[in-house]
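One structure is given below, encoded as C-alpha cells.
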Amino acid sequence: MTDQETLCRELGAVLPSDRILRGEPMARHCTFRTGGPADWFLRVSTGRELTEVLRILRKAGEPYFLLGRGSNILVDDAGYRGAIVTMIPENGEKTEFTQAVYDPDLPDCITAGSGMTLASLASFAADHSLTGLEFASGIPGTVGGALVMNAGAYGGEMKQVVRSADLLLPDGTVRTFSGEEMQFGYRRSILKENGGTALRAVFGLKKGDPAQIRAQMTDYTERRRSKQPLEYGSAGSTFKRPEGHFAGQLIEEAGLRGFRIGNAGVSLKHCGFVINYGGATTAEVKAVIAEVQRRVKETSGVDLEREVIYL
C-alpha cells in the first residue's frame, strides 16, 4: 500500500467519502477564481473530525492549509501539493462550525463557530439587538479567518469585540485564549504564530436599537458596493496599508490605475484591488502584483507588502 493509499484509508475512517476529494480545482473555492487542483480537499463538520484529520495529516507529513471562504488567498495555477481542510459545508448545511449561540444568561455575548460567515454573524447579532459587529457585515470571510487576520473595516476590528477564542493547538489540546492573549494587531494575531486552529469565539457586544444596527449595516454595504469592484474576482485589498500611506493612493500616483497583464489588472474603481477581469490565471495576477510593487517602490520609495496569502 502506498503512502497516499494509507492516508486515504486513515482519512476514510474519520470522514465519509463524499467529503474526501482528490484533485479539487481551487478556483471553485477562492474569490480570485483562479488556481489549480489541490491534492486533497477535506470537509470537516465537527471538532472531533478536525482534530483527527489534522493529527492524521501531521503524522503523514502532509502539508495542509485551513480554508474559510477563500477570500484572502491566491492559489498557484499548478494547484496545492497537500491538503486543503475546510469547515465550510457543501450546500449550506448547518454544522457546529457554522452556527452562533445567544445565551440569555450572557445578554451581551454571542458564541460563533469559526466556519460562520461574518455577514451571518453580524446579522445574528442584529437579530438579538446587539451592536458592535456592524463593520463585519460586508467582509467576505469567516470567523476563523477574521481571527487569524484581525479582520476589520470602517474603524472596527476583531480586537474590539472578541472576548475569547477556543483554539485547537498543534499538540491536539484545546485552549481558551482571552481577547488580550490573542495578540491582535494589524492583520495578525497569535494564530499566525502558534500554529493553532480557531474552533469558536465569544464576542462581547452591547445592546442597541435593531433598526439603527440594520441601518448602519446597510450603509456599510452601500459604501462597499459604490467604492469597490465587487463584480470581479479579487481578494479584497491586495496590499497591507503601509505606515503613513494608503496603498491605493500610492498605486494611482504610480500611474497604474487600470494597468493590466492579460485578464488581471488594477481596478479602475479602486486602485487597492487587483482583480480578475474573467479568465485570468494566477500567474497573471502575480505578475500584476509584482509590477505594482516595483512601480510603487520606484515612484514613492514605499515597499508594498502583499496582504493576500499565496499557496
Fraction of the pair-distance distribution of the stretch 247-311 above 15 Å, Cα-Cα pairs, percent: 44
Dividing the Cα convex hull volume of the stretch 93-192 by residue count, how many Å³ per residue is that? 108
Can you give me the three principal axis dimensions of the chain from its C-alpha atoms, in Å, biggest first? 57, 55, 33
Using the Kirkwood formula on alpha carbons, the hydrodynamic radius of the stretch 3-92 in angstrom works out to 13.1
Tell me, what is the percent relative contact order of the chain, built from C-alpha pairs under 8 Å that lie six or more residues apart? 16
Least to most buried among 142, 218 (fewest other Cβ within 10 Å first): 218, 142
Can you sort 246, 135 so the residue with the fewest Cβ neighbours within 10 Å comes first? 246, 135
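All of the numbers you see were taken from the coordinates with simple rules; none came from a lab. From a predicted model like this one, the values you see are computed outputs, not experimental measurements. Glycine also receives a Cβ, built like all others from the backbone with ideal geometry; neighbour counts cover every protein chain displayed.
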